[in-house]
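Here the structure is laid out as C-alpha cells; the discussion comes afterwards.
What follows draws every value from the coordinates through simple rules; no lab data is involved. Fair warning: this is a prediction, and the values are worked out from it, not measured in the lab. In this analysis, Cβ positions are derived from the backbone assuming ideal geometry, glycine residues included, and neighbour counts consider all displayed protein chains.
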Amino acid sequence: MTSQNGRLRVVASTPISEELIERVIALEPRIDFIRKQELLAPMRFPGDHSGDPGFTRTAEQQAEFDALVDTAEVLYGVPDEKPDALSRTVAANENLRWVQTMPAGGGGQVKAAALSDADLERIAFSTSAGVHSQPLAEYAIFGLLAGAKTLPRLIEQQADKTWSGRWTMGLISEQTILVVGLGSIGRATAVKLKALGAHVIGTSRRDEPVEGVDELVRTEDLPSVVSRVDGIVVTLPGTAETEKLINAAVLADLKPGATLVSVGRGTVIDEDALIAALNDGRIGFAALDVFAVEPLSADSPLWTSPQVLVSPHTAALNSAEDRLIAELFAENARRFLDGEELINRVNTVEFY
C-alpha cells in the first residue's frame with residue numbers, strides 16, 4: 001500500500017486533541033491531518049473515543065461532518081465510533097483506503113458495519129491492539145492476587161468488624177495459571193506471572209516458545225488442563241470461533257476455589273456456566289471487566305455475588321492511552337506510505 005502523491009489525507013472522525021495531532025505530524029510529516037474540532041464530541045476522560053454522549057450536531061453540522069469524512073483517504077477512528085456511520089462513509093467515499101480503529105477489538109466495529117467483500121478488500125482496517133496490554137495485564141494480576149488472598153472474605157469480615165481466626169492464603173508463586181490467548185495482553189500477563197514465580201500454561205495456535213509460558217496447549221485441549229490450574233485469565237477477542245469457548249465442558253473439572261479473570265471480550269465466556277461454577281464453588285473468585293452484553297443487565301446474578309468483582313469495561317483505560325494510539329497511528333501511517341504491512345491489521349474473515 002502506498003499513497004499516490006506521497007502524502008496522506010487523514011480526517012479525524014473521532015476525538016483527538018490538537019496536541020496529539022501535532023505529535024502525529026511530527027512523527028510522520030507526510031500526513032495532512034484534517035479536522036474540525038467543533039464537529040467532534042468533546043472527550044470526558046482519556047480513552048473516551050465516543051466523546052460526550054450529550055454532544056449533538058445540527059443538521060448542517062452533520063452534513064458538514066459527513067462531507068469531510070467522505071474526502072478522507074484515511075480515517076482516524078470509525079466515525080463517531082458507530083458501525084452504521086462507518087457503513088455510510090464507506091459507501092460514500094470510494095477513495096477511502098485505510099481506517100485506524102480506536103479499540104483493541106476494533107474488528108468488531110468492522111464486522112458490525114456489514115461491509116461488502118469488495119469494500120473489505122479495498123480498505124485496510126487496523127486496531128489499537130497492544131496499547132492496552134500492560135494495563136490489562138496488571139488488572140489480570142490484580143484479579144489473580146485478589147482471589148489468592150481471599151479478598152471477598154477480607155471485605156466481608158471488615159464490613160462486619162469481625163476479627164476471626166487466622167487462615168491460609170494462596171501464593172501466586174505456588175500456583176499454576178492458565179492464560180487463554182497469547183496475543184499482546186496474554187503475553188504481557190505471562191511475563192508478569194512468571195516474575196511472580198507462577199507456572200504458566202498458555203493457549204496458542206502456534207508451537208513457538210512464548211516468553212513467560214512454561215507449557216503451550218491448543219484451545220481444544222482446555223478441558224484436559226483445567227483440573228491442574230489455580231487460576232484462568234481470558235484475553236481472547238470476540239469472534240464466532242471464540243464465542244462461549246469457556247463453557248460448562250471447560251469448567252467441569254476446574255479445581256475448587258479457582259480464580260477467573262476476564263479481560264478479552266465477554267462473549268468468550270458462557271455466563272450461565274460461569275454462574276453455575278461460582279454457585280458450586282469451582283470458581284472461588286472472578287474479576288470481570290467485560291461481559292457478553294454491556295452494560296451488564298441489572299438482574300444478572302454477577303452483580304450480587306460476593307465472589308465476583310465487576311468493573312465496567314474500564315480496566316484498559318489509562319492516562320497514556322490516547323498518546324500511545326496516536327503514536328501507533330503515526331507508525332502505521334509511515335508503513336502505509338512506504339508500502340509495508342500495517343501493525344494490527346484486522347483479519348476480515350474472523351474480524352480480530
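Dividing the convex hull volume of the alpha-carbon atoms in the stretch 200-263 by its residue count gives 94 Å³ per residue.
Lys-Lys pairs in the chain that are eight or more residues apart or on separate chains and whose Cα atoms lie under 24 Å of each other come to 10. Taking other Cβ atoms within 10 Å as a rough exposure proxy, His49, His313, His132 sort from fewest to most as His313, His49, His132. Relative to the Cα centre, the charge distribution of the chain, modelled as +1 at Lys and Arg Cβ and -1 at Asp and Glu Cβ, gives a dipole magnitude of about 760 debye. Packing, taken as the mean count of other beta carbons within 10 Å per residue, orders the peptides 294-307, 27-40, 220-233 from highest to lowest as 220-233, 27-40, 294-307. When peptides 237-245, 114-122 are sorted by average Cβ neighbour count within 10 Å, with the highest value leading, the order is 237-245, 114-122. If you model the stretch 1-46 as an ellipsoid using its alpha carbon gyration tensor, with each semi-axis the square root of five times an eigenvalue, the axes come out at 23, 12, 8 Å, biggest first. Structural size metrics of the chain, computed from C-alpha coordinates, are Rg and Dmax of 22.1, 74 Å.
Short to long, the 5 Å bins of the Cα pair-distance histogram for the stretch 278-344 hold 4, 14, 16, 13, 11, 9, 9, 10, 8, 5, 2, 0 percent of all pairs.
One compactness figure for the stretch 21-78 is 1.24, namely its Cα radius of gyration divided by 2.2 N^0.38 Å.
Highest mean packing comes first when the peptides 70-77, 154-161 are listed by Cβ atoms within 10 Å, giving 70-77, 154-161.
Shown here: the stretch 133-310, whose C-alpha atoms stretch 51, 36, 30 Å along the first, second and third principal axes, sorted largest to smallest.
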